[in-house]
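A.B. asks: Following this message is one structure expressed as structure tokens.
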Amino acid sequence: MLIILILIAFLTFSTVNLWRYRNRLPKGPIPLPFIGNFHQIGYYSWKNGGVVAGFQEFKKQYGKVFTLWMGPIPTVSIADYDIAYETHVKRANIFGHRYSKGGMNYLREGRGIIASNGDLLDDFKKSNWKNGGIEVHAVTCFDYLVGSIINQLLVSKRFIYGDPVFEKLKANLLMTIESLSLVDAFAPLWLLKSDLMKWRTKTTLAPFDFIFSVVEDIVNKRLASIKSGEHVIGEEGDDFVDAFLLKLQTNERDGIESSLDLESLKIDLYDLWLAGQETTSTTLTWACACLLNHPEVITKTREELIEITGGNTNVSLTDRPKTSYLNAVINVDEDLFKNNSEFCPERFLENSGLEKKLIPFGIGKRACLGESLARAELYLILGNLIMEYDLEPIGKTPEIKTTTLLAVMRRPPAFDIRFVPVDI
């Protein structure tokens, strides 16, 4: 009886406190004690075909600024560029802090950064050449391509197709991405690590432990090779790990106190690999799905690239200012974009003001630190693929439809693709 009375009192206190606090925030759907708006988020995500579409429904109902409760945590969503610029850039000292609790802080403990396609295609060509082209599973192809670029920058090593470590890394990452939801991101860390939630964290957060163990092994091997003299760090270092270790040496030599240490290095590597791998690979896969549905865009992009490069050199970053159509292809709010769900690069050429309002990397202090790398990868990979290959679907052309309605990341459909060399 006493337990029931305590629960009733706690529920009453939580409800009253929630309603008092709710009146001070922008309007939004009515939350329930403990679960907040998770039930509405799940329903609208399922009804509209994904979490992003679900949030667009909230925007229609409650305006450009609205509040959603992630369990007991209120979050204010801004769905307007001008308001976001005001809060995240002009008033960044107030609104610039990143959320870093719950599942977002798993392993990091408050640290970390988040909160040469030719070689790879040669690898695929050796075992996947069929019907006059390279036939591959789109996701696998871009996973290896992006993973190799990031790994080369971080530890001076690229992945070879079929690499068992990379395959296991991807399997663990995929297990998490396809099931990780907003509940996992905002639930208290103590709850996620409790026996009560083991069934859930086994597929959502525990796979990160394996990924972190790989990162730890990389750092430990680098330190051992430096100690043995097998690896010598040059004046500027060969990669991110070298540069970080050089900074540690400089701080120690000059007596500078810093939060940087070997644990920070491991967390930063973990963050850089996770953030850079899946987001860029997924974007490239979505891009190919859109291009396969719009072959006329491939033709128009190739014509522009051949005109700029002469067809006898690779597309480089110095070409970017001159390739307006490719830039538009790489760049959906129905207030800004007519037929916002359609793949239409021309809209950015017809209205140059639209591009600044497309902010997939965020703005201000909350902007993605890897934006310049991601933009460079997308431009170079897509540009050179389109210039050198025709893209053909193997079997049915993929639908522009996500396969993960309730997950945080909007995963593309699985499909196979054929890259057919073109005569330029």
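No lab work stands behind these numbers, since they all come straight from the coordinates. Bear in mind the structure is a predicted one, so any value in this text is a computation, not a measurement. Positions of Cβ are backbone-derived with ideal geometry, glycine not excepted, and every protein chain shown enters the neighbour counts.
A.B. asks: Order of Tyr144, Tyr44, Tyr62 from fewest to most other C-beta atoms within 10 Å? Could the numbers behind the result be given before it?
C.D. replies: Working: Tyr144 26, Tyr44 21, Tyr62 17.
By the 10 Å Cβ count, ascending, the order reads Tyr62, Tyr44, Tyr144.
A.B. asks: Can you sort Trp190, Trp273 from fewest to most other Cβ atoms within 10 Å of each residue's own Cβ? Intermediate values should be presented prior to the final figure.
C.D. replies: Working: Trp190 9, Trp273 23.
Taking fewest neighbouring Cβ atoms as first place, the list is Trp190, Trp273.
A.B. asks: Sorted by mean Cβ packing within 10 Å, highest first, what order do the peptides 254-262, 64-72, 303-311 take? Write out the running numbers ahead of the final one.
C.D. replies: Working: 254-262: 10.0, 64-72: 20.3, 303-311: 15.7.
Per-residue mean Cβ counts within 10 Å order the peptides as 64-72, 303-311, 254-262.
A.B. asks: If you rank Trp46, Trp286, Trp129 by fewest surrounding Cβ atoms within 10 Å, what's the result? Provide the component values of the computation, followed by the final result.
C.D. replies: Details: Trp46 14, Trp286 20, Trp129 11.
The fewest-first ordering by Cβ neighbours comes to Trp129, Trp46, Trp286.
A.B. asks: Could you compute the net charge surrounding Ile177? Neighbours are other residues with a C-beta less than 14 Å from the C-beta of Ile177; K and R count +1, D and E count -1.
C.D. replies: Numbers: positive: Lys170, Arg410, Arg411; negative: Asp143, Glu178, Asp184, Glu278.
Spelling it out: positives minus negatives among the neighbours equals -1.
A.B. asks: In the neighborhood of Gly237, defined by Cβ-to-Cβ distances under 13 Å, what is the net charge if each Lys or Arg adds +1 and each Asp or Glu adds -1?
C.D. replies: Numbers: positive: Arg222, Lys247; negative: Glu235, Glu236, Asp238, Asp239, Asp242.
Summing Lys and Arg as +1 and Asp and Glu as -1 gives -3.
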